[in-house]
Amino acid sequence: MNKKHLLLLVVILGIFSCKKSDRDEDKTTNTSADVAFATNVTYDVFKTIYQAANSTQGIVTAAYVDSISVFGCDTITKDTTSNPKWMQIKFNTDCTSSSIIRNGKLYVTFNGHFNTPGTTANLAIYDFSYNGYRVYDGSITYKYEGLTDSFPTYSVTFTNLKIINSFSQKIVYSGSHKLQIIQGQNTQTITDDLYSISGSNSGRVFKGNGFTSQITTNLNLSGNCNWIESGVVTVKPDNNPTRTLDFGSGCDNKISVKVYDINHELELP
């Protein structure tokens with residue numbers, strides 16, 4: 001190799017060795033905001049499935065009603081004689097309820113009645129969208145653990161959920177949570193429900209940053225609210241200090257993220 005080519009190679013290697021990726025330069029609130037958004041999306045899915053299951057005869061031991069729709073712009077179909085039994089929620093084009101636009105379908109299998117302790121529900125996501133964000137891969141498992149401190153309790157496992165935005169960037173979201181229904185569990189609708197959520201997550205967010213997170217103060221989510229209403233999560237982007245994500249108090253899309261002792265007020269999409 002001649003000196004000219006050697007010099008060119010040294011310059012190119014220098015450029016690439018000095019240039020840091022977006023993952024290394026995440027000095028912002030991006031990672032925390034994406035974790036908050038992904039958590040909202042996945043629990044919108046839970047509420048939808050929970051509502052559909054509890055109003056479908058044969059999916060639970062005794063449904064209050066046998067409905068064919070959750071929001072009026074979707075269709076519930078089922079097979080309660082197969083093993084495992086299954087339920088599908090198929091949304092009409094731009095099915096809209098409480099300002100949330102859903103498309104695609106959710107397909108869930110059950111190895112027993114959803115309200116029987118020990119029953120596992122497996123959701124395989126093929127093509128579902130939430131306000132234009134496509135959830136196109138991964139799985140969620142819900143296992144009903146029975147009553148804990150008199151509250152219905154579910155273990156919730158997310159495995160490589162992929163949420164893609166309009167720029168073809170994607171969130172990859174995995175984790176393990178415990179969800180308790182601490183209010184409204186004795187009524188048929190979810191509108192008076194209150195959920196308490198604990199657990200941890202890991203994955204990668206829209207800008208490509210890897211992260212781990214831990215719920216340090218249980219998240220609270222109402223059945224009639226589109227957003228998590230309160231709770232605190234510590235979020236650790238790869239190669240960067242831990243941030244504190246606070247969902248505040250009240251039904252709105254506002255969160256605060258503390259980075260380097262500075263609080264940033266944000267709004268989720």
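Kindly indicate which of N103, N122, N92 is crowded, with 17+ Cβ neighbours inside 10 Å, touching a residue at least 12 places away in the same chain (Cβ under 8 Å) and farther than 18 Å from T157 by Cα. Steps first, please.
Numbers: N122 fails: farther than 18 Å from T157 by Cα; N92 fails: crowded, with 17+ Cβ neighbours inside 10 Å.
Exactly one residue qualifies, and that residue is N103.
Is the stretch 168-184 home to any residue that is basic (K, R), in contact with a strand residue (DSSP E or B) (Cβ under 9 Å, 6 or more places away or on another chain) and either buried (at least 18 other Cβ atoms within 10 Å of the Cβ) or over 27 Å from A53 (Cβ atoms) (or both)?
yes
Per-residue answers, yes or no, for (1) in a strand (DSSP E or B); (2) on the phi > 0 side of the Ramachandran plot; (3) among the polar types (S, T, N, Q); (4) without any contact (Cβ under 8 Å) to a residue 24 or more places away in the chain:
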{"position": "K178", "(1), (2), (3), (4)": "yes, no, no, no"}
{"position": "T191", "(1), (2), (3), (4)": "no, no, yes, no"}
{"position": "S196", "(1), (2), (3), (4)": "yes, no, yes, no"}
{"position": "N201", "(1), (2), (3), (4)": "yes, no, yes, no"}
{"position": "K207", "(1), (2), (3), (4)": "no, no, no, no"}
{"position": "F211", "(1), (2), (3), (4)": "yes, no, no, no"}
{"position": "Q214", "(1), (2), (3), (4)": "yes, no, yes, yes"}
{"position": "N218", "(1), (2), (3), (4)": "yes, no, yes, yes"}
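Tally time: how many residues in the stretch 220-269 are assigned to a loop (DSSP other than H, G, I, E, B) and not β-branched (V, I, T)? Lay out the reasoning, then the answer.
Initial filter on the stretch 220-269 (assigned to a loop (DSSP other than H, G, I, E, B)): 223-229, 238-242, 247-253, 260-261, 268-269.
After this cut, where a residue has to be not β-branched (V, I, T) as well, the list is 223-227, 229, 238-241, 247-253, 260-261, 268-269.
Selection size over the stretch 220-269: 21.
Can you tell me which condition T116 does not meet? The list is (1) assigned to a strand (DSSP E or B); (2) β-branched (V, I, T); (3) in contact with a Gly (Cβ under 9 Å, 6 or more places away or on another chain), and all the others hold.
(1)
Applying the selection to the stretch 217-244, what residues are farther than 16 Å from V41 by Cα and in contact with a Lys or Arg (Cβ under 8 Å, 6 or more places away or on another chain)?
Within the stretch 217-244, T234, V235, K236, P237, D238, N239, N240, T242, R243, T244 meet the criteria.
Using the structure shown, decide if S82 is among the hydroxyl-bearing types (S, T, Y) and either free of Cβ contacts under 8 Å to residues at least 12 places away in the same chain or not in a strand (DSSP E or B) (or both).
Criteria met by S82.
Any chance the stretch 260-269 includes a residue that's crowded, with 21+ Cβ neighbours inside 10 Å and in contact (Cβ under 8 Å) with a residue 60 or more places away in the chain?
Taking the stretch 260-269 as the starting set, the residues that turn out to be crowded, with 21+ Cβ neighbours inside 10 Å are none.
No, the stretch 260-269 contains no residue that is crowded, with 21+ Cβ neighbours inside 10 Å and in contact (Cβ under 8 Å) with a residue 60 or more places away in the chain.
Just checking, does the stretch 56-65 include any residue being farther than 30 Å from P241 by Cβ, in contact with a strand residue (DSSP E or B) (Cβ under 7 Å, 6 or more places away or on another chain) and not in a loop (DSSP other than H, G, I, E, B)? Don't jump to the end; show me each part of the working.
Of the residues in the stretch 56-65, the ones farther than 30 Å from P241 by Cβ are 56-65.
Next, only the ones that are in contact with a strand residue (DSSP E or B) (Cβ under 7 Å, 6 or more places away or on another chain) stay: 56, 58-59, 63.
Keeping just the survivors that are not in a loop (DSSP other than H, G, I, E, B) gives none.
No, because not a single residue in the stretch 56-65 is farther than 30 Å from P241 by Cβ, in contact with a strand residue (DSSP E or B) (Cβ under 7 Å, 6 or more places away or on another chain) and not in a loop (DSSP other than H, G, I, E, B).
FYI, it's all coordinate maths here, none of it is from the lab. If you're wondering where the values come from, they're calculated on a predicted model, not measured in any experiment. Heads up, the Cβs are rebuilt from the backbone with ideal geometry, glycines too, and the neighbour counts pull from every protein chain shown.
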